[in-house]
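Asker: Structure in structure tokens, see below.
The values are calculated or read from the model by the stated rules, or taken from the named source; none is laboratory data. The structure presented is a predicted model; accordingly, all values stated were derived computationally and were not measured. Note: ideal-geometry Cβ built from the backbone for every residue, glycine included; neighbour counts use all protein chains shown. Ligands, DNA and RNA are stripped out before the accessible areas are found, and what is left, the full protein with its side chains, is counted by its heavy atoms. Shrake-Rupley method; radii C 1.70, N 1.55, O 1.52, S 1.80 Å.
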Amino acid sequence: MRVRQALGAEAGMEGMTLCGWVRTKRDSKGFSFLEVNDGSCLKNIQVIVDADVPGYELMPEINTGASVKVVGNLVESPGKGQTWEVQATVIELIGAADPETFPLQKKRHSDEFLRSIAHLRPRSNKYGAITRIRSELSYAIHAFFRDRGFYYIHSPIITGSDCEGAGEMFTVSGFDFANLPRKNGQVDFSQDFFGKRASLTVSGQLSAENMATALGDVYTFGPTFRAENSNTPRHAAEFWMLEPEMAFADLSDDMDLGEECIKYLINHVREHCKDDLDLFGRFVDKSLFATLDSIVDNDFVRLPYGEAIEILKKATQKFEYPVEFGLDLQTEHERYLTEIHFKKPVAVFDYPKEIKAFYMRMNDDNRTVAAVDILVPRIGELIGGSQREERLDVLDARIKELGLNIDEYWWYRDLRKFGTVPHAGFGMGFERMLMLVTGVTNIRDVISFPRTVSHLEF
RNA sequence: UCCCCGGUGGCUCAAUCGGCAGAGCGGGUGACUGUUAAUCACUAGGUUGUAGGUUCAAGUCCUAUCCGGGGAGCCA
């Protein structure tokens, strides 16, 4: 039986067995209290071990961090603070934890220290809670899209395409690095495993677009990799991204989907992770629930980029970076829009073509493209999406205009040659969604084993 | 990559003008027949990130370097 089930019991029971890790022990003369946690929920269960219980002689070794097996009876607790407790009939020490070297105390630790013991931090309340919420949020993504008839597709992790167009890539190679084959001074990738240079994917979008032209509505949800030297609390070299793609859909459909998705995910974890989420509302961000309520209860603002520029120009606040049509919005501008001007999520759309990718659909004005960024308070850009350019001639013109090698895009162009359809999609950073939901401010704390610049431990 | 702040016991921090390195928690030992961050008593624990330098004297000042945090850029 797991702690979660025991604590939710309707009636007492005899002869139950629980396994878990000791969070704390309180000794008295003749008996001990153990707080046992098994990871199934935030709460511990209190176990009373009397001196005559078999195994009591090992109590000096049953310390914080030790794993134990408890056989006993679930009874109503006479003490305050818990409904149920376990009166042990047998206590078994499975694995001891030396109290002099076990690093987790029952008192609160700093996030920085816990990052240095990432292998043990899931045994703390906060990181156990994050891990459970992360699991539930993943499930919610599948539930949301499945309900709407989307198919979950698996885009490749290894890609031979250097045209995904979303940042620096990690090279994947089978070469012996001490002895790289070279040709004309350059590394000769034709001799490598794939016969060409291979990389870790930065986005599943092109695959998703491909599959949408056959299955209609699809989504990818998996790891992506960026070799960018960004050192911030919002970036990791390996992170998970959700990328839906809809056939026969335009930018307006895309914004609808993004808004609906964000609200659904928040509602889902609020309903299914109450205890865990409550910890964040109390200790991590006191305004968390007010923030989440305001996101769920209000319509997102839909703001053309041109109007966003006008609002920023009229702002009394001084910005460090210039505001001008044609320039990208900086962090300070995004925060002004979401946190000061509108005080809620803002979907900025129709960006100048110069600052957006080649595959985004050209608008009739010929100077903007059908792109959207959904900005949320504190996090900034949570979703980046667009309607894709489905007209072959326009796509080709953009590829040439940007000086890209058109031959590389042969299969992507084929999708426009054969039964092309308007389609749209977006990418959502999964960790950023988790940060929004929990109020956690550092991405390293919503990934169990974060990979960031010069950090590859655990 | 750039800018700012920090690094003192296992953890979280203090140490005034450059003048005896301290506390709480955690650990150990003991007390306690229902505890709840248990309580009470006693106790151990330090080359102040590292390498140089200035000084009668450096945790404190200077130089370099490493690590951590925050902000920015890049982006999700």
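Asker: May I ask you to say which residue of A:A178, A:A143 is aliphatic (A, V, I, L, M) and at pLDDT 95 or above?
Answerer: Just one listed residue meets the conditions, A:A143.
Asker: Let me ask another. Within the group A:D328, A:D256, A:D275, which residue is more than 16 Å from RNA strand B (Cβ to nearest atom) and not aromatic (F, W, Y)?
Answerer: Matching residue, one of A:D328, A:D256, A:D275: A:D256.
Asker: Would you check if A:E381 is touching a strand residue (DSSP E or B) at 6+ places or on another chain (Cβ under 9 Å), assigned to a loop (DSSP other than H, G, I, E, B) and within 27 Å of A:F300 (Cβ to Cβ)?
Answerer: no
Asker: Of the residues A:G160, A:G95, A:G149, A:G81, only one is at pLDDT 95 or above, touching a strand residue (DSSP E or B) at 6+ places or on another chain (Cβ under 9 Å) and among the small types (G, A, S); which?
Answerer: Matching residue, one of A:G160, A:G95, A:G149, A:G81: A:G149.
Asker: Of everything in region A:121-131, what is of a type outside the set (G, A, S) and in contact (Cβ under 8 Å) with a residue 24 or more places away in the chain? Give them in sequence order.
Answerer: Answer for region A:121-131, where residues must be of a type outside the set (G, A, S) and in contact (Cβ under 8 Å) with a residue 24 or more places away in the chain: A:P122, A:R123, A:N125, A:K126, A:Y127, A:I130, A:T131.
Asker: Would you be able to tell me the number of residues in region A:164-209 that are part of a loop (DSSP other than H, G, I, E, B) and closer than 25 Å to A:A236 by Cβ?
Answerer: Number of matching residues: 14.
Asker: Select, from A:G149, A:G160, the only residue that is without any contact (Cβ under 8 Å) to a residue 40 or more places away in the chain, more than 25 Å from A:V453 (Cβ to Cβ) and more than 21 Å from the chain's Cα centre (by Cα).
Answerer: Unique residue meeting the criteria: A:G160.
Asker: Would region A:332-341 turn up any residue that is in the same structural domain as A:G258 (by TED's automatic domain parsing), among the β-branched types (V, I, T) and surrounded by fewer than 17 Cβ atoms within 10 Å (Cβ to Cβ)?
Answerer: Yes, because at least one residue in region A:332-341 is in the same structural domain as A:G258 (by TED's automatic domain parsing), among the β-branched types (V, I, T) and surrounded by fewer than 17 Cβ atoms within 10 Å (Cβ to Cβ).
Residue-by-condition table, conditions (1) more than 23 Å from A:E431 (Cα to Cα); (2) out of contact with any Leu (no Cβ under 9 Å at 6 or more places or on another chain):
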| site | (1), (2) |
| --- | --- |
| A:S287 | no, yes |
| A:D297 | no, yes |
| A:E320 | yes, yes |
| A:E339 | no, yes |
| A:V346 | no, no |
| A:N366 | yes, yes |
| A:G385 | no, no |
| A:L395 | yes, yes |
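Asker: I've got another one for you. Any residue that is away from RNA strand B (no atom under 13 Å from the Cβ), open to solvent by 10 Å² or more (accessible area, probe 1.4 Å) and either of a type in the set (A, V, I, L, M) or outside the structural domain of A:T331 (by TED's automatic domain parsing) (or both) - is there at least one of those in region A:202-210?
Answerer: No: zero hits.
Asker: Can you tell me which condition A:G384 does not meet? The list is (1) surrounded by 14 or more Cβ atoms within 10 Å (Cβ to Cβ); (2) within 16 Å of RNA strand B (Cβ to nearest atom); (3) touching a residue at least 60 places away in the same chain (Cβ under 8 Å), and all the others hold.
Answerer: Just one mismatch for A:G384, condition (3).
Asker: Take A:G216 and tell me if it is modelled with pLDDT of 95 or more and surrounded by fewer than 19 Cβ atoms within 10 Å (Cβ to Cβ).
Answerer: Considered against the rule, which asks whether it is modelled with pLDDT of 95 or more and surrounded by fewer than 19 Cβ atoms within 10 Å (Cβ to Cβ), A:G216 comes out as yes.
Asker: Enumerate the pairs (first residue in region A:41-52 and assigned by TED's automatic domain parsing to the domain that holds A:T24; second residue anywhere and open to solvent by 50 Å² or more (accessible area, probe 1.4 Å) and among the acidic types (D, E)) with beta-carbon separation below 8 Å, excluding pairs fewer than 6 apart on the same chain, so at least 6 apart or on different chains.
Answerer: Cβ pairs passing all conditions: A:C41/A:D275; A:L42/A:D275; A:K43/A:D275.
Asker: Could I ask something else about it? Of the residues A:V296, A:V372, which single one is β-branched (V, I, T) and free of Cβ contacts under 8 Å to residues at least 60 places away in the same chain?
Answerer: A:V296
Asker: Name the residue that is farthest from A:G385 (Cα to Cα), counting only residues in region A:228-270 that are among the basic types (K, R) and either at pLDDT 95 or above or open to solvent by less than 10 Å² (accessible area, probe 1.4 Å) (or both).
Answerer: Here the residue is A:R270.
Asker: Spot the failing condition for A:F430; the list is (1) within 24 Å of A:C261 (Cα to Cα); (2) more than 10 Å from RNA strand B (Cβ to nearest atom), and only one is missed.
Answerer: Failing condition for A:F430: (2).
Asker: So, in region A:78-98, of the ones that are over 39 Å from the mean Cα position of the chain (by Cα) and within 14 Å of RNA strand B (Cβ to nearest atom), which residue ends up least open to solvent (accessible area, probe 1.4 Å)?
Answerer: A:A88
Asker: Another question about this same structure. Filter region A:352-369 down to the residues that are touching an Asp or Glu at 6+ places or on another chain (Cβ under 8 Å), without any contact (Cβ under 8 Å) to a residue 60 or more places away in the chain and within 13 Å of RNA strand B (Cβ to nearest atom) and list them by number.
Answerer: Listed by number, the residues that qualify are A:I355, A:M360.
Asker: Hey, A:K106 hits all of (1) basic (K, R); (2) within 11 Å of RNA strand B (Cβ to nearest atom); (3) surrounded by 14 or more Cβ atoms within 10 Å (Cβ to Cβ) but one; which does it fall short on?
Answerer: Condition not satisfied by A:K106: (3).
Asker: Given the conditions (1) open to solvent by 30 Å² or more (accessible area, probe 1.4 Å); (2) assigned to a loop (DSSP other than H, G, I, E, B), report the number of the one that A:S161 does not fulfil.
Answerer: Going through the list (1) open to solvent by 30 Å² or more (accessible area, probe 1.4 Å); (2) assigned to a loop (DSSP other than H, G, I, E, B), A:S161 breaks only (1).
Residue-by-condition table, conditions (1) at pLDDT below 90; (2) surrounded by 18 or more Cβ atoms within 10 Å (Cβ to Cβ); (3) part of a helix (DSSP H, G or I):
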{"site": "A:N366", "(1), (2), (3)": "no, no, no"}
{"site": "A:V369", "(1), (2), (3)": "no, yes, no"}
{"site": "A:V394", "(1), (2), (3)": "no, no, yes"}
{"site": "A:R416", "(1), (2), (3)": "no, yes, yes"}
